[in-house]
Structure formats: structure tokens, C-alpha cells
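Undergrad: Sending over a structure as C-alpha cells; questions will come in a sec.
The values are calculated or read from the model by the stated rules, or taken from the named source; none is laboratory data. Being a predicted model, the structure only gives us computed values, none of them experimental. Cβ atoms come from the backbone with ideal geometry, glycine included; neighbour counts cover every protein chain shown. Only protein heavy atoms, including side chains, enter the accessible area calculation; ligands, DNA and RNA are left aside. Shrake-Rupley method; radii C 1.70, N 1.55, O 1.52, S 1.80 Å.
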Amino acid sequence: MNASPRTPDALRAALAGLLDGLPPTKAAQAVDRLIANYRGTTPTDAPVLRDRADVAAYAAYRMPATFEAVRSALAALRDAAPDWTPATHTDVGGGTGAAAWAVAEAWEEAGDGAAPRTTVLDWAEPALALGRELADASGLPALRAADWRRARIGSALRLDAADLVTVSYVLKELTPADRAALVDEAARTASAVVVVEPGTPDGYERIIAARDRLVAAGLRVAAPCPHSGTCPIEPGSDWCHFSARVSRSSLHRQVKGGSLAYEDEKFAYVAAVRFPAEPVAARVVRRPQIRKGQVLLDLCATDAGLRRDTVTKRHGARYKEARDAEWGDAWPPA
């Protein structure tokens, strides 16, 4: 991705002051409880983020990873539709606004004022309040102008028309009926829908279910798949997911434990659109295996479903491209 690091740096800076005055042990306890509940089977009529301490701990824990996952999905969407720029954006279940930050960055390089007008919807008022606070501290005009609204995320939700709707790390919180209703509502109101879930077998299943509903509603898949047909993975045999590298601040390491300066966020996603888009011919769906004189690439392709390509030194420049390829990249490179 060629975007400037300004937005990630601004996010880290905004997060840096969140836990001031909150003892590390209390932050760790809040994180443990929230991770056990917030992305589990949670009733939609009662927010799990109860107060500022909960929200601050959760934001420090999850915002950087959610931002990077959504950022990667948006990059793939932009590659498929480089001339499309959304004017309006709704983030459903957006919490403290990680997806709003990713959207602001994705289109900021077109110039000031080019990023879409964002509305963030969430049930937890403490999360919305902190989201506003972080947005105000960002220095980014699009974020500072965002509208933060309390809304119950479920089958009764009605969305205003928007060019882009994002739904990130939300579906697992909902009942199956509410998931279906939310995806249908997003498909009804948006020109583009991006859904992101954890890169787990059950997260992939929710993405596939959402993908099927979006296609049935008349949208076409722009990413990550090279087609809008049936996923070639046999149900229960494997799952499609990707990885995003997350830089960890000292604060992030304090809350999560560990000493590494980074972690890898595994996620699954689908981006579907109602306008012309050009999906990749094939996508790398596993980490490339680099061996002596050859690179093994596991691909999902338009013409042959799942396949493995072996690229050797005999392939010349293509061999160097294969050695540089990363999990989630288009193949062959543009």
C-alpha cells in the first residue's frame, strides 16, 4: 500500500493517552473480560463496553489490528476500482472508529476534502464518546467531521443511503437472523459493502454467508475473490483468510503482554460493489513458500479455482516477482 503513514501514526498518538491513570493490572483485566465477551455471543440489546475504562482498554487492544485489517480490505477494493471515490460512508457497529480511520486514510491522498463523509453507528455510547475524542485528536478533517450516532445493530436497523458501508468485526455479535438482515440492509443502501471478520474458520463462514447474500442482492465481488461464483473451498475442509502486520506501541505491548514490536492480525473479508470493478486474475491465498530456486504460490484463480503455481529461476523476472509476493497479493502483479 502506497498511502502515507500519517494516519497510522496519528492513530497511535491518539491511543497513547487512553490509559493514563488506569493501573496496568486493571487494564489487563478489562481486556481479558472484554475479549471473552465482546466478540462472543453477545445480546444485541445490552452493550458490553460499560464505561470509559472498558472502552479505553479495548481500544488500546483492538483498534490498531482492526484498522490494519480494514485498511488491507480497502486497499484491495481500491485496486479493483481505482477510479471510484465514495462521497459518503456508514460504519455499522463501528465502536471507537477503527474502520472510519481506515476509510479516511484510503482516500485522503486524493486531496483535502476527498475522504467521504462518515457516520459511525454503535450501541455503546461510551465507545462512541471515545471515538469522537480520538477523532478530534487526530487532526484529520474527515474524522473530525464524522457523525457518531447511537443505534441498536440488529434486524430493525435502517440505514441511510451511502456510497460505502463497512461492517467490521460485528457479525459474530449478532444472531444469524440479525446478521442476514444487516447484510441485506447494507446491500440495499450501499454502492459498495466491505465486511471484515476474524480470520478463523467461523469468521470465514460468516464472510461466505455475507458474500452469498451480497451476490444474491445483485452486487459483484471486487475482492479478495477473482470471481463472484461459488467459493472453491470445500466447506469444512479449509478457510480463506489473510494477514495484516500490526505495529505495536509500548502501550499496546503493556495491555496485551509480550515484547515483540509487531503482531499479525488474521482476518477474512469480502468487498462487493454495484459499479464496474476488475477483480484480480488470481490472488495469493497462503504465505508463499520460498525454497531453493523456486517459489510455491497457492492461488485462487478465475479460471481454475484453487491451484498451486511453482515459479523457478527459469521464469526470469517472474521469479523475482514471486519471491517478493506476499500473502493476499494479486498474481501476477500488475
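Undergrad: All but one of (1) acidic (D, E); (2) farther than 20 Å from F242 by Cβ; (3) surrounded by 13 or more Cβ atoms within 10 Å (Cβ to Cβ) hold for D303; state the number of the condition that does not hold.
TA: Of everything listed in (1) acidic (D, E); (2) farther than 20 Å from F242 by Cβ; (3) surrounded by 13 or more Cβ atoms within 10 Å (Cβ to Cβ), D303 misses just condition (3).
Residue-wise test of (1) open to solvent by less than 40 Å² (accessible area, probe 1.4 Å); (2) in contact with a Gly (Cβ under 8 Å, 6 or more places away or on another chain); (3) on the phi > 0 side of the Ramachandran plot; (4) touching a residue at least 12 places away in the same chain (Cβ under 8 Å).
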| site | (1), (2), (3), (4) |
| --- | --- |
| D79 | no, no, no, yes |
| T96 | yes, yes, no, yes |
| T119 | yes, no, no, yes |
| E125 | no, no, no, yes |
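Undergrad: Does A281 satisfy the condition of being touching a residue at least 12 places away in the same chain (Cβ under 8 Å), among the aliphatic types (A, V, I, L, M), open to solvent by less than 30 Å² (accessible area, probe 1.4 Å) and out of contact with any Gly (no Cβ under 9 Å at 6 or more places or on another chain)?
TA: Numbers: touching a residue at least 12 places away in the same chain (Cβ under 8 Å): yes; among the aliphatic types (A, V, I, L, M): yes; open to solvent by less than 30 Å² (accessible area, probe 1.4 Å): no; out of contact with any Gly (no Cβ under 9 Å at 6 or more places or on another chain): yes.
So A281 fails the test.
Undergrad: When you check D136 against the structure, is it exposed (fewer than 14 other Cβ atoms within 10 Å of the Cβ) and closer than 17 Å to A69 by Cβ, yes or no?
TA: Values: exposed (fewer than 14 other Cβ atoms within 10 Å of the Cβ): yes; closer than 17 Å to A69 by Cβ: no.
Against the criterion (exposed (fewer than 14 other Cβ atoms within 10 Å of the Cβ) and closer than 17 Å to A69 by Cβ), D136 does not qualify.
Undergrad: Look at the stretch 260-276 and say how many of its residues are among the hydrophobic types (A, V, I, L, M, F, W, C), open to solvent by 20 Å² or more (accessible area, probe 1.4 Å) and either at pLDDT below 95 or in contact with a helix residue (DSSP H, G or I) (Cβ under 9 Å, 6 or more places away or on another chain) (or both).
TA: So the first thing to find is which residues in the stretch 260-276 are among the hydrophobic types (A, V, I, L, M, F, W, C), and the list is 260-261, 267-268, 270-273, 275.
Next, only the ones that are open to solvent by 20 Å² or more (accessible area, probe 1.4 Å) stay: 260-261, 275.
If we keep only those that are either at pLDDT below 95 or in contact with a helix residue (DSSP H, G or I) (Cβ under 9 Å, 6 or more places away or on another chain) (or both) too, we end up with 260-261.
Number of matching residues: 2.
Undergrad: Checking W327 against (1) more than 18 Å from A244 (Cα to Cα); (2) surrounded by 14 or more Cβ atoms within 10 Å (Cβ to Cβ); (3) aromatic (F, W, Y), which single condition isn't satisfied?
TA: If we test W327 against (1) more than 18 Å from A244 (Cα to Cα); (2) surrounded by 14 or more Cβ atoms within 10 Å (Cβ to Cβ); (3) aromatic (F, W, Y), just (1) comes out false.
Undergrad: If I ask for residues that are of a type in the set (A, V, I, L, M, F, W, C) and open to solvent by 10 Å² or more (accessible area, probe 1.4 Å), which ones from the stretch 187-218 would you list?
TA: Restricting attention to the stretch 187-218, the residues satisfying the condition of being of a type in the set (A, V, I, L, M, F, W, C) are 187, 190, 192-196, 207-210, 214-217.
Answer for the stretch 187-218, where residues must be of a type in the set (A, V, I, L, M, F, W, C) and open to solvent by 10 Å² or more (accessible area, probe 1.4 Å): I208, A209, V215, A216, A217.
Undergrad: Further, regarding this structure: Would you mind telling me which numbered condition in (1) within 18 Å of V273 (Cα to Cα); (2) charged (D, E, K, R); (3) surrounded by fewer than 22 Cβ atoms within 10 Å (Cβ to Cβ) D91 fails?
TA: Every condition holds for D91 apart from (3).
Undergrad: Any residue in the stretch 310-329 that is under 24 Å from E68 (Cα atoms) sitting within a Cβ distance under 6 Å of a residue that is assigned to a loop (DSSP other than H, G, I, E, B) and open to solvent by 70 Å² or more (accessible area, probe 1.4 Å)? List the pairs, counting only those 6 or more apart or interchain.
TA: Hits for this filter: W327/R287.
Undergrad: Separate question: So, A114, is that one over 20 Å from the mean Cα position of the chain (by Cα) and either at pLDDT below 95 or crowded, with 21+ Cβ neighbours inside 10 Å (or both) or not?
TA: On the way: over 20 Å from the mean Cα position of the chain (by Cα): yes; either at pLDDT below 95 or crowded, with 21+ Cβ neighbours inside 10 Å (or both): yes.
It is true that A114 is over 20 Å from the mean Cα position of the chain (by Cα) and either at pLDDT below 95 or crowded, with 21+ Cβ neighbours inside 10 Å (or both).
Undergrad: Of these, A216, A192, A223, which one is without any contact (Cβ under 8 Å) to a residue 60 or more places away in the chain and not basic (K, R)? Spell out the reasoning first.
TA: Details: A192 fails: without any contact (Cβ under 8 Å) to a residue 60 or more places away in the chain; A223 fails: without any contact (Cβ under 8 Å) to a residue 60 or more places away in the chain.
A216 is the lone residue from the list that is without any contact (Cβ under 8 Å) to a residue 60 or more places away in the chain and not basic (K, R).
Undergrad: Checking the conditions here, which among V311, V246 is modelled with pLDDT of 95 or more, within 30 Å of P82 (Cβ to Cβ) and either in a helix (DSSP H, G or I) or not aromatic (F, W, Y) (or both)? Show your work before the answer.
TA: Details: V246 fails: modelled with pLDDT of 95 or more.
The unique qualifying residue is V311.
Undergrad: State all residues of the stretch 209-238 that are closer than 19 Å to V70 by Cβ and not charged (D, E, K, R); if no residue qualifies, say none. Quick ask: steps written out before the conclusion?
TA: Our first condition is that a residue be closer than 19 Å to V70 by Cβ; within the stretch 209-238, this holds for 210-211, 214, 219, 221-225.
Of everything in the stretch 209-238, those that are closer than 19 Å to V70 by Cβ and not charged (D, E, K, R) turn out to be A210, L214, L219, V221, A222, A223, P224, C225.
Undergrad: Anything in the stretch 154-186 that is open to solvent by less than 40 Å² (accessible area, probe 1.4 Å) and small (G, A, S)? List them, or say none.
TA: G154, A162, S168, A180, A181, A186
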